[in-house]
Structures are given as structure tokens and as C-alpha cells.
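For reference, the structure discussed in these notes is given below.
The values are calculated or read from the model by the stated rules, or taken from the named source; none is laboratory data. On a predicted model such as this, the values are computed, not experimentally measured, just so you know. Note that we place each Cβ from the backbone using ideal geometry, even for glycine, and neighbour counts take in every protein chain shown. Remember, those area values only see protein heavy atoms, side chains included, never the ligands or the DNA or RNA. Shrake-Rupley method; radii C 1.70, N 1.55, O 1.52, S 1.80 Å.
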Amino acid sequence: MQPSSSNQLPLQQKRAFWLRHLHQWHWISSAMCLVAMLLFAATGITLNHSAQIEAHPVVSKKTGQLPSALLDQLLVLKNTDDALLPAPVTDWLDQELDIHINGQVPEWSPEEVYVGLPRPGGDAWLRIALDSGDIEYELTSRGWIAYFNDLHKGRNTGTAWNWFIDAFAAACLIFCVTGLFLLKMHASKRPSTWPLVVFGLVAPFLLALMFIH
């Protein structure tokens, strides 16, 4: 006995409902992921060939003299291991020497205060002599490729970028899962669907099993 048209109608409506919502979530997540996915895919290639991509670090240096009133504020803190630089000192460094501390915790010693300033695509450090107020600053930049590679890895990128990576990963999961359900719903009309999905699963597994030890 053939199913009646009245029984087929709810099934068609249910299928149409899921298709509509899956397509909606799929295109919205893909739109949100598009630019970041291009960035992460491109930097995946550059990271995989980092040994062949020659970097040319550029080092720049700055020197200066901390005003005595600000130096006195540092002398008060020199015996505390985890004290941050006072706000007037960081403001002066920002305005006068364009040095941004960004809340980094310094290392204190009787002779100096040292602040490591790691950043994507490079590194920097600041030293202030506590006896004279002499300032030394050095910035090393390894170029744009290194910068974007560090964005890919989340290296020295800060809390905001780490949150962005988590949100981007969640959007990618939505994109992939909705794509999988759409494949399932259209698979009856596309015979190559499941062989391609299985290939995408088996190929990296075999490569890891055979060539990665």
C-alpha cells in the first residue's frame, strides 16, 4: 500500500523546516568564518613551510632618561617582586617614547627594573636603571608573515584575540556540522557524497598512521 499524500505532507514539511534552518545557520556561520578562515588557511601554509621562508629581523632601539620624580616612585617599589609600574611612569613612557607596557609585570632587582614585552611577530624589552633613571628599549620585528603566524598560534596576542579564536572555532564547528547534515539530506541525489566524506576521514588517519612516528 502506497503512503497517502496526507502522510507525506508532514514529512515534506519537516524536511523543508530542517533544510531552511540548516541552510540559514550554514550561510551565517560561513559568512562569519570567511575572512578568518582565509587567514588561518594561509598561515597554515606559511607555518608548514616556516623553515623555507627566510625571516629578516629588524631591531630598533630607544634610550631616554626617566624624570627624577618618576624614578622616586620606582625606588619605593624596588623591593616588591610583583608590583606593576606606576601609572604615571607608564603614561610618561607612552607619551614621550611611544613605549606601551600594556600591564606587563616587570622583574625587579636592586639595580634595575626589567619589563619583557613579547608581541606577535616580534619581541621587545625595557630596562630602567634605578640608580640613574637611564632607559633602554629594544624592539625586534620579524615581519608580517611572522606576525600573522603568531596570530594563528595565539602567541602573545592577549585575551581579546584568544576569545576571538574560541568564537571563530565555535562558528567553524557550526559551519561543519550544518554542512554535514546538509550533505546527509542531499546525499540521495549525489552518490559521491559519502565516498568523499569517508575519504576525508580516512586519508589523514592513514597519513598519520603511516608517516608520523
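Suppose a student asked you for the relative contact order of the chain, using Cα pairs under 8 Å spaced at least 6 residues apart; what percent would you report? Don't skip to the answer; put the middle values down first.
Numbers: 226 pairs, mean separation 50.5, N = 213.
For the chain, the relative contact order is 24 percent.
With unit charges on the beta carbon (Lys/Arg positive, Asp/Glu negative), name the residue among His56, Leu126, Met37 whose Cα is farthest towards the positive pole of the charge dipole of segment 24-178.
It is Met37, whose Cα lies furthest towards the positive end.
At 1.4 Å probe size, with every protein chain present, just tell me what the per residue accessible area of the chain comes to in Å².
Heavy-atom accessible area per residue stands at 69 Å².
How much solvent-accessible surface does Ser141 expose, in Å² to the nearest 10, with a 1.4 Å probe and all protein chains in place?
Ignoring ligands and nucleic acids, Ser141 comes out at about 50 Å².
Work out the length of the dipole vector of the chain about its Cα centre, built from +1 on the beta-carbon of each Lys and Arg and -1 on the beta-carbon of each Asp and Glu, and round it to the nearest 20 debye.
Numbers: 14 positive and 18 negative charges, 492 e Å.
Dipole size: approximately 2360 debye.
In 5 Å bins starting at 0, how do the alpha-carbon pair distances of segment 80-213 split up by percent?
Once binned at 5 Å, the Cα pair distances of segment 80-213 give 2, 8, 11, 12, 11, 11, 10, 7, 6, 6, 6, 5, 3, 2, 1, 0.
Treating only the Cβ atoms of Lys and Arg (+1) and Asp and Glu (-1) as charged, compute the dipole magnitude of segment 1-122 about its Cα centre; round to the nearest 20 debye.
Dipole of segment 1-122, to the nearest 20 debye: 1300 debye.
In whole angstrom, and with the biggest value first, how far do the Cα coordinates of segment 136-213 range along each principal axis?
Principal-axis extents of the Cα atoms in segment 136-213, largest first: 68, 32, 19 Å.
I want to verify a result. In a Gaussian network model of the chain, Cα cutoff 10 Å, which of these has the top mean-square fluctuation: Phe181, Phe199, Phe40?
Between Phe181, Phe199, Phe40, it is Phe199 that shows the largest mean-square fluctuation.
Where the only charges are on Cβ atoms (+1 Lys, Arg; -1 Asp, Glu), what is the dipole of segment 117-159 about its Cα centre, to the nearest 20 debye?
Using Cβ point charges on Lys, Arg, Asp and Glu, segment 117-159 gives about 360 debye.
In degrees from 0 to 90, rounded to the nearest 10, what is the angle of the helix 158-186 Cα long axis to the longest principal axis of the chain?
The angle comes out at about 10 degrees.
Using the alpha-carbon atoms, what tilt in degrees (0 to 90, nearest 10) does helix 5-48 show relative to the longest principal axis of the chain?
30
Straight-line reach from Lys14: which lysines have Cα under 19 Å away, leaving out those fewer than 8 places along the same chain?
Within the straight-line limit of under 19 Å, Lys14 reaches these lysines: Lys184, Lys189.
Using only Cα atoms, tell me the angle between helix 68-77 and the longest principal axis of the chain; keep it within 0 to 90° and round to the nearest 10.
The answer is roughly 70 degrees.
Quick one: pull the percentage of alpha-carbon pairs in segment 20-143 with a separation above 20 Å.
In whole percent, the share of Cα-Cα pairs in segment 20-143 beyond 20 Å is 57.
Could you state the orientation-averaged shadow area of the convex hull built on the Cα atoms of segment 21-87, in nm² to one decimal?
With the hull built on Cα positions only, its mean projection is 10.8 nm².
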